[in-house]
């Protein structure tokens, strides 16, 4: 039990830091799990990931509203509006955005819980080849549709599929010659090269000069409950769409309240981005299907530990045997959401002081952390330093090129991770219906 509390506490602290410092991308919660996957059980890894991922959105509003530093990318939609706001406006925003995040997060978790148990009675349908292929098609189509460069995204998917399959030997021999060049590419290396390093190199965010003021999250008579309820619904629907769910939910809620004024728009945006994160848990735990970069990464960690995530979360918890792992994860996520509300409405001046002191150095701290994890991955990878370094440089160059053209590498990573399953499902579909 002590171990559970320590891991949950580490997840809470990580979520706070991810939210406060924009230099850490939202999917970094899944990335950090690599550092602990050898020491922690799968249940502990999932608790850490879920609490940190929720916090990365919940706490992002603190640094955004106080210092004008977007703690998460979904806050970019209302950054300009903050410049005209008084200290009193910002203090009221701190409370109402936290209230909206709490309500929306808990409602989204309840939706995930009910939907998970409802879908659990339809296991045969979920396992059918036709259903699996249909889901793959929908997810890929939605990934491409939400990308700024859909044709480039589909091209990247094709490349990923060519790299992904490794045990479908019914395929032509030439298919695997390309793979031999990249056979020493770990999933960790792929994420670092395609996402982490390009984000770090291209990050040009800077904070406005903040005047020393007293920040206190203050309740007020502002009527925001209808805005919060409406934005929660928007966030739940947007969060079910693969791709940048939190950003999509935030933008949709912001524009849906444009007639209600800037205050209501910001509350709407900060409310909607929380279920945008929570809803990724449903397809991941029901079908092991990741719809965000963060769940893609944690899915690979589970593969490394030889864990079938769907079967695992249905088992009894190691900490509370009377409950399934899934139920314990949902309870931990609900408790974390409540704690984030309490923390985000207190000690705000303390958070502001930390961000102002460390923001200029946070990029270097991130670089050192990444370098340490790269060295660890290089040590455990069965290849030479020269080959590993060459692959890292190659994928970083590819990632920077993709980012320069404002595309998203997530479909390439999706193809690498699910190429095997996709090709196998297509072959089964062809066998069943045409042979």
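Here are a few things to note about the model shown:
- Remark: 186, 344, 121 ranked as 121, 186, 344, counting other beta-carbon atoms within 10 Å and listing the fewest first.
- In degrees, nearest ten, helix 245-256 long axis to first principal axis of the chain (Cα): 40
- Compared with the dominant principal axis of the Cα atoms in the chain, helix 293-304 is inclined by about 50°.
- Fewest-first ordering of 188, 28, 202, 131 by other beta carbons within 10 Å of each residue's beta carbon gives 202, 131, 188, 28.
- Cα extents of the stretch 266-329 along the three principal axes, largest first (Å): 41, 27, 16
- Under conditions of 10 °C and 1.306 mPa s, the stretch 77-132 yields 107 µm² s⁻¹ as its translational diffusion coefficient, taking Rh as the Kirkwood radius over Cα pairs in the Stokes-Einstein equation.
- Highest to lowest packing among 216-223, 40-47, 87-94, 319-326, scored as the average C-beta count within 10 Å: 40-47, 87-94, 319-326, 216-223
- Within the stretch 405-435, backbone nitrogen closer than 18 Å to the virtual label 7 Å beyond the Cα of residue 148 toward Cβ: 405-412
- Relative contact order of the stretch 2-434, defined on C-alpha pairs under 8 angstrom at six or more residues apart (%): 29
- When the Gaussian network model of the chain links Cα atoms closer than 10 Å, the mean-square fluctuations of 16, 278, 310 top out at 310.
- Identified option (computed semi-axes √(5λ) of the Cα gyration tensor in Å; candidates [x] 47, 23, 19; [y] 35, 25, 21; [z] 33, 25, 22): [y]
- Between helix 42-58 and the chain: long-axis angle, C-alpha atoms, 0 to 90°, nearest 10: 40
- Between the stretch 75-143 and the stretch 250-323, the C-alpha centres lie 6 angstrom from each other.
- Residue-averaged 222 nm ellipticity for the chain, from DSSP H runs of 4+ at -39500 (n - 2.57), nearest 500: -23000 deg cm²/dmol
Values quoted throughout were computed directly from the atomic coordinates according to the rules given, and no laboratory measurement underlies them. Predicted, not measured: the structure shown is a model, and the values here were computed from it. Methodologically, a virtual Cβ is constructed for each residue, glycine included, from the backbone with ideal geometry; neighbour enumeration extends over all protein chains shown.
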